[in-house]
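Enquirer: Right, I'll just put the structure down here and ask away after.
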Amino acid sequence: MRADQILFPTDAGLYCPKGGFHIDPVRPVERALITHGHSDHARYGHGAVMATQQTLEIMRLRMGTDHAGSEQVADGRMRIGDVDVSFHPAGHVLGSAQIAVTAGGCRIVVSGDYTRAANPTCVPFEPVPCDVFVTEATFGLPVFRFPDPATQVAKLIASMAEFPDRPHLIGAYALGKAQHVISLMREAGYDAPIAIHGALKVLCDYYAAQGVELGELIPATADEVPAQLVIAPPSAFASLWVQRFRDPVIGFASGWMAVRARARQRGVELPLIISDHVDWPMLTGTLTELAPSEVWVTHGTEDGVIRWCELAQIPARPLRLVGYEDEAEE
Ligand SMILES: [Zn+2]
Ligand SMILES: [Zn+2]
């Protein structure tokens with residue numbers, strides 16, 4: 001069976017007609033399979049949602065218990081309509097999964113967001129042999145080579161030692177990145193209390209309840225925050241909240257910090273290159289390892305990945321064009 005008859009993009013998102021479901025749909029649909037809890041993948045208002053237990057719990061925490069008509073926990077190999085479906089760890093954030101869809105002897109793996117870098121807060125990426133691998137290309141250019149995150153945390157610790165009187169405010173997204181940074185600090189032996197912005201509390205509590213070691217976290221809400229290290233979502237830096245800190249060192253944890261101009265533009269004094277996405281060597285290494293007969297590329301710099309695939313003699317196309325080629329030829 002042709003892969004682009006099993007899964008293809010529609011206005012609502014990637015659709016599987018034989019299974020009657022969408023994967024990470026951007027509009028409310030009858031049945032949605034969700035790779036992970038980030039808001040561009042997990043949305044409100046689907047009829048039925050299937051995801052890992054942790055992703056379902058994260059969706060409830062972020063959107064309320066009524067986020068969908070019904071929920072089903074992904075578990076093992078499941079038959080949905082005329083296709084087989086299974087979820088496999090993606091290494092991106094807690095609960096994140098790749099979704100494998102198999103029909104007529106053809107398996108497509110939708111990786112969602114993924115990384116191959118070790119991350120102490122979640123289960124590592126599981127390579128799943130497949131005919132078609134759907135990859136994101138957020139950092140899909142050869143310039144993106146992320147350093148070992150331990151070196152970035154060492155940079156933060158060195159700055160805190162150099163400026164003991166300055167609070168260090170680190171921007172990090174609420175789901176995944178904040179807990180990743182905190183847990184890297186704990187791994188590096190930093191055991192003082194870390195202050196967190198109120199918007200991070202629910203998810204930090206959830207990570208801790210799931211067994212991720214975050215150590216002592218205190219609220220960064222009082223006028224005097226008794227911690228030198230403060231983690232906050234990026235939005236907090238544009239709010240009044242930030243004004244309670246005198247002479248702060250502003251840092252930001254993101255793969256985008258690999259681009260110096262971006263760090264400067266955001267006024268970031270301490271850029272920390274810590275990403276939960278694959279960089280170029282991890283992305284191309286994954287394609288080499290999986291050796292799929294075709295690659296579909298989405299989210300980001302598709303051209304760079306498609307060019308690399310051409311050189312590696314792996315057929316590749318942008319996901320948005322899958323299923324549209326025949327029409328385009330008319
Ligand atoms: Zn994500
Ligand atoms: Zn994403």
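Enquirer: So which strands (runs of 3 or more DSSP E) stay within the range 268-330 end to end and still have 2 or more residues that are within 16 Å of ligand 1 (Cβ to nearest atom) and at pLDDT below 95?
Expert: Qualifying strands (runs of 3 or more DSSP E): 294-300.
Enquirer: Moving on. Could you list, ordered by first residue, the pairs with Cβ atoms under 7 Å in which the first is in the range 164-187 and in the same structural domain as Gly267 (by TED's automatic domain parsing) and of a type in the set (Asp, Glu) and the second is part of a loop (DSSP other than H, G, I, E, B) and away from ligand 2 (no atom under 16 Å from the Cβ), at least 6 apart or interchain?
Expert: Going by the 7 Å Cβ cut-off, the qualifying pairs are Glu187/Pro120.
Enquirer: List pairs: first in the range 232-246 and under 15 Å from Val181 (Cβ atoms), second among the hydroxyl-bearing types (Ser, Thr, Tyr) and surrounded by 11 or more Cβ atoms within 10 Å (Cβ to Cβ), Cβ under 8 Å, 6+ apart or cross-chain?
Expert: Listed by first residue and then by second, the contacts come to Pro233/Tyr173; Pro234/Tyr173.
Enquirer: Quick check: anything in the range 53-66 within 20 Å of Val109 (Cβ to Cβ), away from ligand 2 (no atom under 15 Å from the Cβ) and at pLDDT 95 or above?
Expert: Yes, the conditions are met somewhere in the range 53-66.
Enquirer: Let me ask something else. Between Val249, Val225, which is crowded, with 16+ Cβ neighbours inside 10 Å, touching a Pro at 6+ places or on another chain (Cβ under 8 Å) and modelled with pLDDT of 90 or more?
Expert: Val249
Enquirer: Right, next: Would you pick out the residues in the range 17-41 that are without any contact (Cβ under 8 Å) to a residue 24 or more places away in the chain and outside any strand (DSSP E or B)?
Expert: The answer is Pro17, Pro25, Val26, Arg27, Pro28, Val29, Glu30, Ser39, Asp40.
Enquirer: Still on this structure, please answer the following. Give the range 147-175 a look and list any residue that's touching a Gly at 6+ places or on another chain (Cβ under 6 Å) and within 16 Å of ligand 1 (Cβ to nearest atom), or say none.
Expert: Across the range 147-175, the qualifying residue is only Leu175.
Enquirer: Being within 11 Å of Leu169 (Cα to Cα) and in a loop (DSSP other than H, G, I, E, B) is the filter here, so list the residues in the range 223-245 that pass it.
Expert: Ala227, Gln228, Pro233, Phe245
The values are calculated or read from the model by the stated rules, or taken from the named source; none is laboratory data. The shown structure was predicted, so the numbers you read here are calculated from the model rather than taken from an experiment. Cβ coordinates were reconstructed from backbone atoms using ideal geometry, including for glycine residues, and neighbour counts include every protein chain displayed.
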